[in-house]
Amino acid sequence: MENRLFYPATSRNSESISRVLLKYLPGNGTVLEVASGSGEHAVTFQKLLPKHTWQATDTSLVCCRSIRSWIKYYELEEIMPEPIQLDVETKSWPLTKEILDSLCAIVCINMIHISPWECSRALIRQAGGILKVNRPLILYGPFQMNHEPMTQSNMLFDMSLRKQNPSWGIRKLEDLDELAFSQGFKKEAIIQMPANNLSIIYIKV
């Protein structure tokens, strides 16, 4: 299966993210994952959550092929839908009525710090428009806590990100909060994760 991509971080953080999902996802429905990357998380969480439909997406055709290959590898074709090529900044996301009607949560893992800030704006704006009341937007990655200095490791990581692309970087949680509150979310929880990461849970109100 030469199309399958492997990201080392996935095996390191899947278990801790799984615990967050089990606690904060509604009991059933479609979970829309934005920027699914290789698809390793997507198939892991679909196996963990048989009452949910995990809808993977990515802007990259290469990643969509990898997601497809992982679905086939684990023989999940009957319960897991085809990945959707989705550019988060597109004004109208290519989601069917069936997906929108059954949508119970949006999850985004490790995108915000490796994309321009405009992508975060688009993600939260779209999530605010399509999530129903009491449904969560779950974000995972490194963030700078409000009014707290960045850890040494995150500071070095932030510098390396900005060297790769000046529009990337670890975002301030207060800036994300401002975006989320403006789109009708409240902050439900901040969960400390391994390796100086956080899970941020916003709830549509």
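In the set Val34, Val20, only one residue is modelled with pLDDT of 95 or more, of a type outside the set (Ser, Thr, Tyr), farther than 19 Å from Met80 by Cα and buried (at least 17 other Cβ atoms within 10 Å of the Cβ); that residue is Val20. If you check Trp54, Trp70 for being in contact with a strand residue (DSSP E or B) (Cβ under 6 Å, 6 or more places away or on another chain) and at pLDDT 95 or above, only one passes: Trp54.
Find the residue count for segment 2-46, including only residues that are of a type in the set (Phe, Trp, Tyr) and farther than 22 Å from Pro136 by Cα.
Of all residues in segment 2-46, those of a type in the set (Phe, Trp, Tyr) come to 6-7, 24, 45.
Imposing the further condition that a residue be farther than 22 Å from Pro136 by Cα reduces the set to 6-7.
Qualifying residue count, segment 2-46: 2.
For segment 58-77: of the residues being of a type outside the set (Val, Ile, Thr) and touching a residue at least 40 places away in the same chain (Cβ under 8 Å), which is surrounded by the fewest Cβ atoms within 10 Å (Cβ to Cβ)? Steps first, please.
First, the residues of segment 58-77 that are of a type outside the set (Val, Ile, Thr): 58, 60-61, 63-66, 68-70, 72-77.
Those left that are additionally touching a residue at least 40 places away in the same chain (Cβ under 8 Å): 63, 65-66, 68-70, 72-73.
Working: Cys63: 21, Arg65: 17, Ser66: 27, Arg68: 19, Ser69: 18, Trp70: 27, Lys72: 15, Tyr73: 13.
Only one residue fits best here, namely Tyr73.
Among residues that are in contact with a strand residue (DSSP E or B) (Cβ under 7 Å, 6 or more places away or on another chain), β-branched (Val, Ile, Thr) and at pLDDT 95 or above, Ile114 is not included.
Can you tell me which residue in segment 85-108 is nearest to Glu40 (Cα to Cα), limited to those that are of a type in the set (Val, Ile, Thr) and crowded, with 20+ Cβ neighbours inside 10 Å? Among those that are of a type in the set (Val, Ile, Thr) and crowded, with 20+ Cβ neighbours inside 10 Å, it is Val107. Checking Val20, Val88 one by one, the residue that is out of contact with any Asp or Glu (no Cβ under 7 Å at 6 or more places or on another chain), in a loop (DSSP other than H, G, I, E, B), under 29 Å from Asn134 (Cα atoms) and touching a residue at least 12 places away in the same chain (Cβ under 8 Å) is Val88 and no other.
Scan segment 91-108 residue by residue and report those that are in contact (Cβ under 8 Å) with a residue 12 or more places away in the chain and part of a loop (DSSP other than H, G, I, E, B). Answer for segment 91-108, where residues must be in contact (Cβ under 8 Å) with a residue 12 or more places away in the chain and part of a loop (DSSP other than H, G, I, E, B): Trp93, Leu95.
Annotation: Pro149 fulfils all but one of (1) within 16 Å of the chain's Cα centre (by Cα); (2) over 19 Å from Ala9 (Cβ atoms); the unmet one is (1).
One residue alone among Leu49, Leu5, Leu25 is touching a residue at least 60 places away in the same chain (Cβ under 8 Å) and more than 15 Å from the chain's Cα centre (by Cα), and that residue is Leu5. Only one of the numbered conditions (1) under 24 Å from Ala189 (Cα atoms); (2) modelled with pLDDT of 95 or more; (3) assigned to a loop (DSSP other than H, G, I, E, B) is violated by Met80, and that is (1).
Counting only helices (runs of 4 or more DSSP H) that fall entirely inside segment 109-205 and contain at least 3 residues that are aromatic (Phe, Trp, Tyr), surrounded by 13 or more Cβ atoms within 10 Å (Cβ to Cβ) and in contact (Cβ under 8 Å) with a residue 24 or more places away in the chain, no element qualifies.
The values are calculated or read from the model by the stated rules, or taken from the named source; none is laboratory data. What you see is a predicted model; the values in this text were computed from it and never measured. Here the Cβ is made from the backbone with ideal geometry for all residues, glycine too, and neighbour counts use every protein chain on show.
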